[in-house]
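First the structure, in the form of structure tokens, and then the observations on it.
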Amino acid sequence: MTKENETILETSNVKLWYGNKEALHGIDLNFPEKGITALIGPSGSGKSTYLRALNRMHDLEDNVTVTGSFNFKGQDIYAPTTDTVDLRKKIGMVFQQPNPFPFSIYDNVAFGLRLAGVKDKETLDRAVEESLKAASIWEEVKDNLNKSALGLSGGQQQRVSIARVLATQPDLLLLDEPTSALDPVSAHNIEDTLLELRDQYAMIIVTHSLSQASRISDRTAFFMNGNLVEVGDTRKIFIDPEKQETADYISGRFG
């Protein structure tokens, strides 16, 4: 990741309430247009809550209030005129549990494009192949594209889920603990996939695994009790953090 890397998303003074309970206490955090930023912190620290605010996933929940500034490529994410369907194509999300639809592998990957009105078979064929290749699973499934995605292993399902997001050509990928439900080999395959994508996309990954954050991220942000404690180059955060709380968490004293 280079210093010339421009900012794709700027968030400032982000607060979030569940009813009357404030869960995020004014988060200021920006993201470059390429590379991987890891969000780390103990359970309940606010990292997944913050991640879900970035493409308005909280709109689907009752009694949640979000305030603050969310500037995505010059667009206000929370403006009344923002089309959330279009927003979630540009800011795609991969969840903790692999969530393929009960369709064929092909139809899973083509889903978002068809939703956007793409009908040309040649266009769909090309997008499906390119997305599955980008998600590092083409060679495993290319001869079985018409078979149900539900018949794949968990790790394969997660890579198909990543391919489905990539097919809509997003600018930013949000990944909420994408490997925590997988076996070590599958998790390693997902990490390899993300490393191959880091020069093409901006990615924000929530992870409980400090070793994963240290292996694959360029930047790391440490959350605790709904606050952003520290953010910086991953190597510096892990070797020479500025805040004592960060050092204590990294060293395993709590969390």
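Here are the numbers for this structure:
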item	result
Pick from the range 53-84, criterion part of a helix (DSSP H, G or I) and in contact (Cβ under 8 Å) with a residue 24 or more places away in the chain, ranking: surrounded by the most Cβ atoms within 10 Å (Cβ to Cβ)	Ala53
Qualifying residues in the range 161-189 (those that are of a type in the set (A, V, I, L, M, F, W, C), more than 20 Å from Leu9 (Cβ to Cβ) and surrounded by fewer than 24 Cβ atoms within 10 Å (Cβ to Cβ)) - the one modelled with the lowest pLDDT	Ala181
Pair list, Cβ < 8 Å and 6+ apart or interchain, from the range 100-117 residues that are closer than 16 Å to Lys133 by Cβ and at pLDDT 95 or above to residues that are small (Gly, Ala, Ser) and assigned to a loop (DSSP other than H, G, I, E, B)	Val109/Ala167; Ala110/Ala167
Test: residue in the range 11-19 that is buried (at least 18 other Cβ atoms within 10 Å of the Cβ), assigned to a loop (DSSP other than H, G, I, E, B) and either hydrophobic (A, V, I, L, M, F, W, C) or at pLDDT 95 or above (or both)	no
Long-range neighbours under 9 Å by Cβ, at least six apart or interchain, first residue on the phi > 0 side of the Ramachandran plot within the range 21-39, second of a type in the set (A, V, I, L, M)	Gly26/Val14; Gly26/Leu228; Gly35/Met1; Gly35/Ala202; Gly35/Met203
Filtered residue count, the range 161-191, keeping only those that are of a type in the set (A, V, I, L, M), closer than 23 Å to Arg126 by Cβ and touching a Ser or Thr at 6+ places or on another chain (Cβ under 9 Å)	5
Qualifying residue in the range 127-144 (condition: crowded, with 21+ Cβ neighbours inside 10 Å, touching a helix residue (DSSP H, G or I) at 6+ places or on another chain (Cβ under 6 Å) and under 24 Å from Lys47 (Cα atoms))	no
Residue that is surrounded by the fewest Cβ atoms within 10 Å (Cβ to Cβ) [pool: residues in the range 93-115 that are under 22 Å from Asp176 (Cβ atoms) and touching a Phe, Trp or Tyr at 6+ places or on another chain (Cβ under 9 Å)]	Phe101
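The values are calculated or read from the model by the stated rules, or taken from the named source; none is laboratory data. If you're wondering where the values come from, they're calculated on a predicted model, not measured in any experiment. A quick note on method: Cβ atoms are made from the backbone with ideal geometry, for glycine too, and the neighbour counts reach across all protein chains shown.
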